Each structure stands twice: as C-alpha cells, then as structure tokens.
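Have a look at the structure below before the remarks.
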Amino acid sequence: MPIQRVAIAIHDGVQALDVAGPVDVFAETNGFVAAGDGYETVLVAATCAPLRASNGMKISADLSFDEAQEVFDIVLVAGGPALPDAAPDPDMMHWLRSASERAGLYGSICTGAFALGHAGLLDGRKVTTHWQNAEHLAARFPAAEVMFDRIYIRDGRLMTSAGVTAGIDLGLALVGERHGPQVAVAVAKRLVVVAQRQGGQSQFSPYLTAPVDEGSPIARAQAHVMAHVGERHTLQSLAEAVGMSVRSFGRAFAQATGITPHEFVERARVDAARRLLEGSDRPLKAVAFDCGFGSADRMRIVFTERLGVSPAQYRASFRTL
C-alpha cells in the first residue's frame, strides 16, 4: 500500500488536541507498518505564519491553502471553541470543497464539522460533533442528520468525530480500516488509550439543563422530581404538585422543555445515579433504589440504552474517589 497523504486544515483558535491527536495516531502507525505503507501528514491554513491555538500554543501550517493543491488521500478540518459561532473563512471553504472532492475521504474533528457545513459538505449526511455543540450544528445545518451520541461516524467518504480527544478515535478507526485491528490496537497501546471506547459521548454530557424560567410551574415540577428522585412520579402526581390540570401540565411541560415529563423523570434518575456512581461506594442495588429505578437490573437496562455502558462500566470510567 502506498503512503497516504493526510491534510488537516487549521485556523486561529484551533483546538490543539484536535490537531495533535490524529497527527500522533498516524505518526505512531508508521512504526507498526512496512516502510512506504504509512502516512504523511501536513497542516494547511490560510497562511504559514504561526497561528495561536485556543490554549495559547503556536502552531504553523506546512502549506497555505493556495499551495495545497495536490490530491490528498484524507482531508480533515480541526475544530476550535470559537468555530461554531465564527463567520466562515472563504479561503478555507473554497479549499475544503476542492480538496474534499478529490480526496478518498474527508471529515472533521470536533467542531470542525461547522466548517464542513459552511462548505456545503454535510447535506444529506449522518454527522456528529462535540456534545455541547450538537444541537447548534443540527439547527445551523438542518439538511444534515446530526447523531448526538456518536464518538465518530462514517457516512460514505465523510467521517466526523465528537469532541477533542475523539479525533484519536477517528484516527484509530481509519488505521483499523486500512491496516487491520491488530495495528490499531498496537497504536492505541502506544498512545495509552483504548482502541475502541465503550458507549457514546452521552456518558460525558449532563442530561439535565437549567429551566428557562426558574419560577415557572414547569421549573417547580423539575425541582420536585430532582428533590425526590427516588419516589414514583406520574403525570398526575406532578401536575398536582404544581397545581395544574394533567392535560395543561403535559402540554406546557413539552412546550417548555421539548420532552415529556416521563422522559425528564428518567433523565433525572440517570443523572442522579451518575453522581452516586462517580462519588460513592454505594452498591449498585442501593444506587438503583435511591434513584428510583427499583432494581439494579432496571438501572442497567436504562444505562445501556441511554449511555451505551452499564452502571459498573460507568463507575469504572468516572469514579472520583
């Protein structure tokens, strides 16, 4: 297999790990494959002058967009904290459209998906990005199908990843496709990461957000659930708790939050259980009872459906004690 040329577009305010993660994966892979079968990575930007990453680090591109006119095997764009709200760079958009059309594969790391969206490269595709920005991406580019819980996803020639370190997962997946799982595992061990993470990025994101109007009946109902998360809650009991009719409460709750009361209760139970799993040694059955699941088996089913991992796996990954 010939060397694959990888181009990663960078910009002012780029997330350094969005760049370094995939670069290190490809560089380490070169040590596990035959000479000439690996990767050569170049950074591309509007200018080759040093750029300032979001953490203050200086990063310089190898080629400018004008210079990077060759055909690359893989074209990626790195994200950055400011990218979701930044105006698109016309030079980057032009280069991404041109380079991705000729590449075997193109994609993004983290919020780099917004750059692809501005370039018109997400329409009709399944994509993902950092969990904090997924709703924004879906609203900004409604022709794309945003998958909120994926660490990375491939849709034809397009491959996108979740936040920051997920660029490593993306790189390892590409290495595994080309060189097989043994090489990908060897590279992952070298980088002291797992070759394939368990679960999706929901396990890193909070389920519950603050209500828009903290004094509203809906906010009072939410507070009631979170203060009594271990108790049984029905649509009727919640409506009675805030002095509303069942019909009016259900309609108002859905309008204010975008979810049903039942969905909110289950999310509240999951978040309460996550906090106990992270910060206590309580047995799983005790956590399940305290958080209203009723049994450890029921809690395991809900965790697996929502987070892609069991409560025991979640505790092993996020325990703080």
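The values are calculated or read from the model by the stated rules, or taken from the named source; none is laboratory data. Predicted, not measured: the structure shown is a model, and the values here were computed from it. Because the Cβ atoms are built from the backbone with ideal geometry, glycine has one as well, and the counts that use them run over all protein chains shown. Heads up: the accessible areas ignore ligands, DNA and RNA and are worked out on the full protein's heavy atoms, side chains in. Shrake-Rupley method; radii C 1.70, N 1.55, O 1.52, S 1.80 Å.
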Length released on extending from K58 to Q236, taking residue separation times 0.36 nm less the Cα-Cα span | 58.3 nm
Averaged per residue, what accessible area in Å² does segment 46-134 show with a 1.4 Å probe, protein chains only?
-> 43 Å²
Can you pull out the trypsin sites (Lys or Arg not before Pro) in segment 216-247 that DSSP calls coil and that have at most 16 other Cβ atoms within 10 Å?
-> R232
Could you give the length gained on full extension between A27 and T260, defined as 0.36 nm per residue of separation minus the Cα-Cα distance, in nm?
-> 79.1 nm
So how tilted is helix 166-179 from the main axis of the chain? Cα-based, degrees 0 to 90, rounded to 10.
-> 60 degrees
Computed about the Cα centre, the charge dipole of segment 17-157 from +1 Lys/Arg and -1 Asp/Glu charges at the Cβ has a magnitude in debye, to the nearest 20, of 340 debye
Picking from V229, L191, I259, whose Cα lies most toward the positive end of the charge dipole for the chain (charges on Cβ: Lys, Arg +1; Asp, Glu -1)?
-> V229
If we sort 119-125, 47-53 on the protection proxy, mean other Cβ atoms within 10 Å, highest first, what's the order?
-> 119-125, 47-53
Can you tell me the accessible area per residue over segment 253-294, all protein chains present, probe 1.4 angstrom, in square angstrom?
-> 47 Å²
Could you work out the helix-only [θ] at 222 nm for the chain, with each DSSP H run of four or more residues adding -39,500 (n - 2.57) and the total divided by the number of residues, to the nearest 500 deg cm²/dmol?
-> -13500 deg cm²/dmol
Value of relative contact order over the chain, rounded to a whole percent, pairs C-alpha under 8 Å and six or more apart | 12 percent
With all protein chains in place and a 1.4 Å probe, K126 shows an accessible area in Å² (nearest 10) of 90 Å²
Report relative contact order for segment 41-133 in percent, whole number only (criteria: Cα-Cα under 8 Å, sequence separation at least 6).
-> 25 percent
Whole-percent carbon and sulfur share, accessible surface of the chain, 1.4 Å | 52 percent
Which whole-number percent gives the relative contact order of segment 76-120, counting Cα pairs below 8 Å spaced six or more residues apart?
-> 62 percent
For segment 50-144, shape from the Cα gyration tensor axes a ≥ b ≥ c, cut at a/c of 1.5 then a/b versus b/c, turns out oblate
